[in-house]
1. Taking the structure as given and computing semi-axes √(5λ) of the Cα gyration tensor in Å, which label from (i) 31, 25, 22; (ii) 46, 25, 17; (iii) 78, 37, 19 fits?
2. Report ³J(HN,Hα) in whole Hz for each residue of the range 306-317, in order, from the Karplus equation J = 6.51 cos²θ - 1.76 cosθ + 1.60 where θ = phi - 60°; Gly and Pro get x.
3. I'd like the carbon and sulfur percentage of the solvent accessible area for the chain, probe radius 1.4 Å, heavy atoms only, ligands and nucleic acids excluded.
4. Which residue, A30, A200, A277, has the most motion in a Gaussian network model of the chain that connects Cα atoms within less than 10 Å?
5. Take every DSSP beta bridge whose two residues both sit in the range 9-414, then give the antiparallel share in percent to the nearest 5.
6. What's the center-to-center distance, using Cα atoms, between the range 85-163 and the range 311-387 in Å?
7. Kindly write out, for the range 83-94 in residue order, the coupling ³J(HN,Hα) from the Karplus curve 6.51 cos²θ - 1.76 cosθ + 1.60 (θ = phi - 60°), rounded to whole Hz, with x marking Gly and Pro.
8. Near D269, within a Cβ-to-Cβ distance under 9 Å, what is the net charge of the other residues, with Lys and Arg +1 and Asp and Glu -1?
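The values are calculated or read from the model by the stated rules, or taken from the named source; none is laboratory data. Given the structure is predicted, the values throughout are model-derived calculations rather than measurements. Using ideal geometry, Cβ is built from the backbone for each residue, glycine included, and neighbour counts are taken over all protein chains shown. For accessibility, only protein heavy atoms count, side chains too; no ligands or nucleic acids. Shrake-Rupley method; radii C 1.70, N 1.55, O 1.52, S 1.80 Å.
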Amino acid sequence: RMAAAPPSYCFVAFPPCSKEGLVVFGKNSARPRDEVQEVVYFAAAAHDPGSKVECTYIEIEQAPRTHAVVLSRPSWLWGAEMGANEHGVCVANEAVVTREPAAEAEALLGMDLVRLGLERGATAKEALDVIVALLEEHGQGGNYYEDGNSCHTFQSAFLIVDRKEAWILETSGKYWAAEKITEGVKCICNQLSLTTKIDAEHPELRNYVRSQGWWNEDTDFNFSQVFSLADDHVTCCSGRESLEKRGGDISAQTMIDVLRDKESGVCVDSESFLTTASVVSVLPQDPSSPGIHYFTGTPDPSRSIFKPFIFVDDVKLVPKVQSPSFGEHDPAKKIPRFQEKPDRRHELYKAHERARSVLESDEDKGQKLMRIMLELEKQGLEAMEDILTRVEILDAAEVVDLFYDCVDTELKFFK
């Protein structure tokens, strides 16, 4: 049983640490090695009063309006590991273990809350308010993995970012605390990190921990000390050090380099877990400049290409990074769940798998392929740099098939 939470890393960098006028966000999603992640886009939509939305395990009230979102998600579930919305809000989650066992009863997954926050929040603070309200109403629980043999449950932590600020939100059951960040570099991983600087919290949080005998008012209230298992509250410093030692001027490229770093442990490749997908977002503090979101859509960022996505109307959909849909026959939707595992690989995943066998078997050919891939990525980064430094407003027609074309070019190289 994988009782340990998968060691994903999430980062945010604000000026003065990041490149002038940019907020830079990144996440490596560490998940079971064979799990497929897809990249999906959902347009903004209006919903009829009283309509419901079916999340991974439970159905809840739909919001009157949902924002356009782009998500990187394990393809068997409804929510997302990470993503962004059209208003420049980015959210990523972490599975965490606290002194309270996470519920096995099916409720909202931390990953469902990522998507719900993005669909319903136009700022980081709004997304946080959405998440904690839904947590209060529906609770969190259910299997985190597509595994019919055992139920893996976790509590959740979130990094919620917009062009002005970020919030670190950590939860245990329906109780939560959050810290607001507006400068410097922050890294969260699969352990609680909030200590005594708490800027918002569940109204009953302190009464609850007092009633449990976990805190008496002799000491400052320290969230991770109160909620962590005995010796668990260490900081995820390897990630932060890895970012900080690159100095100021953190850009998309810097964040990508950090996410690719296996030595620091940020890029997970272990017996149980692999970085199955990665994302980097660049949010200009000037709201007239577009946010740019780079997704891999494939495992192991050190062997993947980060491809740019920009929100515009009628953005072209990319079926080649979407997993096949099994509808109502999906074993994840039938009770008992996960009785079999369908093949969820999308076209880019399969092509990437074939390329990986070349990288592993033929060193010369592999190095050549890697060079071409990185050159391709560099062209994308330079083109985006050009968009960010321009004075004139972006013409939507120029980027409507941006992500589509990047995926297409990558597939051609792999062939």
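1. Comparing each candidate, only (i) matches the computed number.
2. For the range 306-317, the Karplus-derived couplings read 7, 10, x, 10, 10, 6, 9, 5, 6, 4, 6, 6 Hz, x marking Gly and Pro.
3. 48
4. The residue that fluctuates most here is A200.
5. Numbers: 67 of 69 bridges.
Within the range 9-414, antiparallel bridges account for around 95 percent of the total.
6. Answer, in whole Å: 24.
7. Each residue of the range 83-94 in turn: x, 9, 10, 5, 9, x, 9, 10, 9, 9, 10, 10 Hz.
8. That sum, taken over residues with Cβ under 9 Å, equals +1.
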